[in-house]
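Below you'll find the structure, written out as structure tokens, and then a few comments.
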Amino acid sequence: MFWTKKDLLGLEYLTQEEIELILDTADSFKEVSTREIKKVPALRGKTAVNLFYEPSTRTRVSFEVAAKRLSADVINIATETSSVRKGETLIDTGKNIQALKADIIIMRHNCSGAANMLARALDISVVNAGDGWHEHPTQALLDIFTLKEKLGKIKGLNVTIVGDIAHSRVARSNIWGLTKLGANVTVCAPEMLLPVGIEKTGVRASSSIDEALKNADAVNVLRMQFERDEGAAFPEQLDYFKRFGITGERLAKAKKDIVVMHPGPINRGIEMSSEVADGANSVILEQVTNGIAVRMAVLFLVAQAREAKT
Amino acid sequence: MSILVKGGRVIDPAKKIDALLDILIEDKKISKVAKNIKAQADSVIDAAGKIVAPGIIDMHVHLRQPGREDKETVATATAAAAKGGVTTVLAMPNTNPAMDCAESIELLKGIIRKDAKVNVLICGAITKARLGKELCEIPALKKSGVYAISDDGCSVDSDELMLEAFKKASQAGILTICHSEDKKLSGKGVINLGFNSTRLGLRGISNASEYKRIERDIELAEKAGAAVHIAHVSCRESVEIISKAKKKGIKVTCETTPHYFSLTEDALLGYDTNMKMNPPLRSKEDLAAIKQGLKDGTIDAIASDHAPHTENEKDIEFERAEFGVVGLETELAVGVTELVHLKVLDWGKLFEKFSLNPARILGIDKGTLSEGKAADIVVISSEEEWEVRKSELISKSKNCAFLGRILKGVVDYTICNGKIVYKK
């Protein structure tokens, strides 16, 4: 099995084998970050461009660290200060970056499908760092990597994803990844935040958090955003915490060693209590560490695929 | 100038003709339809093995002129029409300025006289600047020669105003065309609401945003005793509602477009903005209902909803791209490929939808190959295949949903008012 795709756009587009290849590659890269000199020459002479149309610190920094540990040169483009503000189209921006002979564009964009569009227009690699409500593949890969590390396998696990499923790219990528690897996935949200036809992905939908946590081996808690324009349809923050918040009391009724994950940044007291966020079941900071290994794997694989082609 | 079209398979749904006949055209009109016409003509078209049918009357075309000549003009759109076998178009009023007063209509008429290669009829607006606030002077629009009124692209939200519009239109003896969409329901949606909108992370547009407004429009038309034509029907509930209204004897007609009987929401899975239109491509069940509606007569007409947009407006992020696709050059071939070859409609029925019914709905003396009528004719190689290529589209805009598709049915000749306006 070797990697053939020049881009990583979403987990919906990958096979089980391809997902496993990324996880295995990440496994071998994880050790690099524990060395005294945290660097390997795998991408020396390659240039990776972080093109972020949405404010993001953790994902951007994680990709930057990952690329640098592979010895790639990294350039960060903040759209507030670039010609993007002057009305340049996404494809023009991408073609300019390609003309600079960059090798990989890592893009975060607020429009669903933006990475798909850019990847189609360019010969260089595009790694989706989150597009609209569509996918955030590296987040799901690091979630799955962490879960596998903790519990030894994915197949047969009961994983609950709780939060704003409708507007979450993290949820979608996790759903595709986990179901392809054989997990039993339950999504849990207020009725209005469960998107149409979500069961067709192979998940179970529930609007009761206690029920959804019952046999769960892991719970992935999504960040709630109350500032969206559909705000009126959203429950109040406190009401949300009461109905769906992950608290010590709720965890006490779940499996004893249930793994608690969160993509960050956490809204303490909204999605989960501080007690849970900092508690023994939480792997939230391990997720951050694993994010580096997973992103190293992704950058390494897409760069290699391109080389194999040319 | 006379033309003799020899030996073709002549399709005339008005007279239920499907036979090998000759057609003689003299002085812009069809002078004779018979076997073996022995007349001397200035030119002879050998139509052996070809379909000869009344030219398409496309009730839903955006010419973009005046105002958006970067997208399309009367000259380029009517050239595209001629290439597609379309001999008459109804020009939608969402131009800049909108077709909401006699002055604007005169302006467009001047351009048409100068540049049009096929017949162009004008559809006036219902409300001033299509804002849904204040009615146009409907009798004045009628006097300037519009064939229908519509706020296409928008629906008049106010029930009172829409009822008033139907009443005034009915008094003036003019057809009202409804773009039936409740924007409170469709909101910022960009594709059909369903599993695909969930998968793609895009806002959905429900069937209800269309059919609930159709229900209302029909109810108001009935109240006013007016005729109503529903534009671009895309979903199963709409077909059902229109079918019931027709059975009740309400004066309702409707059209669908080639993309609604040939494509589904699955075409959106790659975020192709050439598949983005309003109403959106729907589910398989909806497509089946549209085909059934065409078959059983609920759907009267096929129109293109030709909506040209520049690459700058299409080659961008999906949510930000404009709605709409061009269709004048492909509608006939999509109809032939998807309806005739797949045995949904026979040739007579196809041209009932493309030509005869639109003529009847608009109240124009066209859509037939009868003697004495205007010579608007299309000659088609019905088995010949072609690939839809961007470089070969002559419309100014290339936002076509069928790029790369192999279609059956090639237009060999288009004759408009007795003149060959397109020859392959």
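The values are calculated or read from the model by the stated rules, or taken from the named source; none is laboratory data. The structure presented is a predicted model; accordingly, all values stated were derived computationally and were not measured. We place every Cβ from the backbone using ideal geometry, glycine too, and count neighbours over all the protein chains shown.
In this structure, does B:S186 turn out to be under 30 Å from A:G197 (Cβ atoms) and either within 14 Å of chain A (Cβ to nearest Cβ) or at pLDDT 95 or above (or both)? Lay out the reasoning, then the answer.
Values: under 30 Å from A:G197 (Cβ atoms): yes; either within 14 Å of chain A (Cβ to nearest Cβ) or at pLDDT 95 or above (or both): yes.
Judged against the criteria, B:S186 is a match.
Looking across A:D143, A:D131, A:D103, A:D92, one residue alone is crowded, with 17+ Cβ neighbours inside 10 Å and within 14 Å of chain B (Cβ to nearest Cβ). It is A:D131.
Scanning the range B:303-323 for residues that are at the interface with chain A (Cβ under 7 Å from one of its Cβ atoms) and either free of Cβ contacts under 8 Å to residues at least 40 places away in the same chain or surrounded by fewer than 20 Cβ atoms within 10 Å (Cβ to Cβ) (or both) turns up B:D315, B:I316, B:E317, B:R320. Residues in the range A:78-87 include none that are touching a helix residue (DSSP H, G or I) at 6+ places or on another chain (Cβ under 9 Å), more than 14 Å from chain B (Cβ to nearest Cβ) and closer than 13 Å to A:R295 by Cα.
Residues in the range A:57-72 that are in a loop (DSSP other than H, G, I, E, B) and out of contact with any strand residue (DSSP E or B) (no Cβ under 9 Å at 6 or more places or on another chain) were compared, and the one that is farthest from A:G291 (Cα to Cα) is A:S71.
Taken over the range B:396-424, the criterion of being in contact with an Asp or Glu (Cβ under 6 Å, 6 or more places away or on another chain), surrounded by fewer than 17 Cβ atoms within 10 Å (Cβ to Cβ) and among the basic types (K, R) is satisfied by B:K424 alone. Here A:M117 clears all of (1) in a helix (DSSP H, G or I); (2) away from chain B (no Cβ under 11 Å) except the condition numbered (2).
Could you go through the range B:69-76 and let me know if any residue there is polar (S, T, N, Q), out of contact with any helix residue (DSSP H, G or I) (no Cβ under 7 Å at 6 or more places or on another chain) and closer than 18 Å to B:T414 by Cβ. Yes: one or more hits.
Here's the yes/no breakdown for (1) assigned by TED's automatic domain parsing to the domain that holds B:S304; (2) closer than 27 Å to B:A321 by Cα; (3) not in a loop (DSSP other than H, G, I, E, B):
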{"position": "B:K244", "(1), (2), (3)": "yes, no, yes"}
{"position": "B:I250", "(1), (2), (3)": "yes, no, no"}
{"position": "B:G270", "(1), (2), (3)": "yes, yes, no"}
{"position": "B:M277", "(1), (2), (3)": "yes, yes, no"}
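For the range B:263-277, the count of residues that are among the small types (G, A, S) and either in contact with a helix residue (DSSP H, G or I) (Cβ under 8 Å, 6 or more places away or on another chain) or touching a residue at least 40 places away in the same chain (Cβ under 8 Å) (or both) is nonzero. Does the range A:208-244 hold any residues that are surrounded by 16 or more Cβ atoms within 10 Å (Cβ to Cβ), modelled with pLDDT of 95 or more and outside any helix (DSSP H, G or I), and which are they? The answer is A:A216, A:D217, A:A218, A:V219, A:N220, A:V221, A:L222.
Would a scan of the range B:329-341 turn up a residue that is under 19 Å from B:E72 (Cβ atoms), among the charged types (D, E, K, R) and assigned by TED's automatic domain parsing to the domain that holds B:V61? Checked the range B:329-341: at least one residue is under 19 Å from B:E72 (Cβ atoms), among the charged types (D, E, K, R) and assigned by TED's automatic domain parsing to the domain that holds B:V61. Candidates in the range B:190-241 are the residues that are within 23 Å of the chain's Cα centre (by Cα), more than 14 Å from chain A (Cβ to nearest Cβ) and part of a loop (DSSP other than H, G, I, E, B); of these, the one that is surrounded by the most Cβ atoms within 10 Å (Cβ to Cβ) is B:V233. Restricting to the range A:146-189, name every residue that is within 14 Å of chain B (Cβ to nearest Cβ), free of Cβ contacts under 8 Å to residues at least 40 places away in the same chain, part of a helix (DSSP H, G or I) and closer than 11 Å to A:N220 by Cβ. Correct list: A:I175 only. If you go through the range B:67-93 and keep only what is buried (at least 23 other Cβ atoms within 10 Å of the Cβ) and within 23 Å of B:K133 (Cα to Cα), you end up with B:A91, B:M92, B:P93. Within the set A:E31, A:E54, A:E88, the sole residue that is without any contact (Cβ under 8 Å) to a residue 12 or more places away in the chain and assigned to a loop (DSSP other than H, G, I, E, B) turns out to be A:E88. Quick check: anything in the range B:394-405 part of a helix (DSSP H, G or I) and closer than 19 Å to B:L263 by Cα? Within the range B:394-405, not a single residue is part of a helix (DSSP H, G or I) and closer than 19 Å to B:L263 by Cα.
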